[in-house]
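Beneath this line is the structure, given in structure tokens, with notes to follow.
The values are calculated or read from the model by the stated rules, or taken from the named source; none is laboratory data. Please read these numbers as outputs of a predicted model, since none were measured by experiment. Ideal geometry is used to build each Cβ from the backbone, glycine not excepted, and the neighbour counts take in all protein chains shown.
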Amino acid sequence: MTPRRFQELSREESLRRLGSVRVGRIVFSHQALPAIRPVNHLVDDGQVIIRSHAGAALMSALDTVVAYEADFVAEGDRIGWSVIVTGVARRLKVPEAIARYERLLQPWVPDEMAHVIRIQPELVTGFSLEECEQGEPGAA
């Protein structure tokens, strides 16, 4: 088996990788229980941007701390990465910003996604599992 190395990613590299995929999972508290929803996203100027509709459970998490996770796994090679962003979810209210993100971030479901939500990362953690050469530091 090819050796692999598990390593922590920098904040910058974590956000870059997060921006390279389009779907992740938002984790929040809903009625005092943990809730997880898959959503599509984009990363813009270091912030995670998602859209939601008015009746979504996610709307109850506005102005609270949430986590956002996305990953990539190449199952055949058994390599990949995971990034978790923790920060406050806030609804954007500036019409120009809303219009811009409505153009850039198209919803994948038929509901009207009238709300644009920004997660300002306070904590960013990322890890990767990559192939490496035998004898390299961290090789297993």
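When you check Arg100 against the structure, is it surrounded by 14 or more Cβ atoms within 10 Å (Cβ to Cβ) and within 22 Å of Ser14 (Cα to Cα), yes or no? Write out each step before concluding.
Values: surrounded by 14 or more Cβ atoms within 10 Å (Cβ to Cβ): yes; within 22 Å of Ser14 (Cα to Cα): no.
No; evaluated as a whole, the condition is false for this residue.
So which residues in region 57-84 are acidic (Asp, Glu) and more than 16 Å from the chain's Cα centre (by Cα), if there are any at all?
Asp63, Glu75, Asp77 - these are the residues of region 57-84 that are acidic (Asp, Glu) and more than 16 Å from the chain's Cα centre (by Cα).
Going by what's in this entry, would Ala89 be described as at pLDDT 90 or above, in a helix (DSSP H, G or I) and within 15 Å of Arg118 (Cβ to Cβ)?
No.
Can you go through Leu129, Leu123 and tell me which one is closer than 25 Å to Arg5 by Cα, part of a strand (DSSP E or B) and at pLDDT below 95?
Numbers: Leu123 fails: at pLDDT below 95.
Within the list Leu129, Leu123, the selection yields Leu129.
What number of residues within region 38-58 satisfy the criterion of being touching a residue at least 24 places away in the same chain (Cβ under 8 Å), assigned to a strand (DSSP E or B) and surrounded by fewer than 19 Cβ atoms within 10 Å (Cβ to Cβ)?
Number of matching residues: 4.
Residues checked against (1) among the small types (Gly, Ala, Ser); (2) closer than 22 Å to Arg90 by Cα; (3) touching a His at 6+ places or on another chain (Cβ under 8 Å):
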position: Glu8; (1), (2), (3): no, no, no
position: Gly19; (1), (2), (3): yes, yes, no
position: Val27; (1), (2), (3): no, yes, no
position: His30; (1), (2), (3): no, yes, no
position: Leu33; (1), (2), (3): no, yes, no
position: Ile36; (1), (2), (3): no, yes, no
position: Asn40; (1), (2), (3): no, yes, no
position: Val43; (1), (2), (3): no, yes, no
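Condition check: touching an Asp or Glu at 6+ places or on another chain (Cβ under 6 Å) and surrounded by 15 or more Cβ atoms within 10 Å (Cβ to Cβ). Does Arg5 satisfy that?
Judged against the criteria, Arg5 is a match.
Quick test for you: out of Ala35, Ala70, pick the one residue that is closer than 23 Å to Glu131 by Cβ and touching a residue at least 12 places away in the same chain (Cβ under 8 Å).
Answer to the check: Ala70.
Select from region 77-114 the residues that are in contact with a helix residue (DSSP H, G or I) (Cβ under 6 Å, 6 or more places away or on another chain) and either acidic (Asp, Glu) or closer than 19 Å to Gly19 by Cα (or both) and list them in ascending order.
Scanning region 77-114 gives Trp81, Val83, Ala89.
Could you please find all residues in region 1-32 being touching a residue at least 40 places away in the same chain (Cβ under 8 Å), part of a strand (DSSP E or B) and farther than 11 Å from Glu69 by Cα?
Within region 1-32, Arg4, Arg5, Phe6, Gln7, Glu8, Leu9, Phe28 meet the criteria.
In this structure, does Phe72 turn out to be out of contact with any Gly (no Cβ under 7 Å at 6 or more places or on another chain), part of a strand (DSSP E or B) and under 25 Å from Arg11 (Cβ atoms)?
Here the answer is no, as Phe72 does not meet what is asked.
Does Ala61 qualify as being closer than 13 Å to Ile117 by Cα, of a type in the set (A, V, I, L, M) and without any contact (Cβ under 8 Å) to a residue 40 or more places away in the chain?
So Ala61 passes the test.
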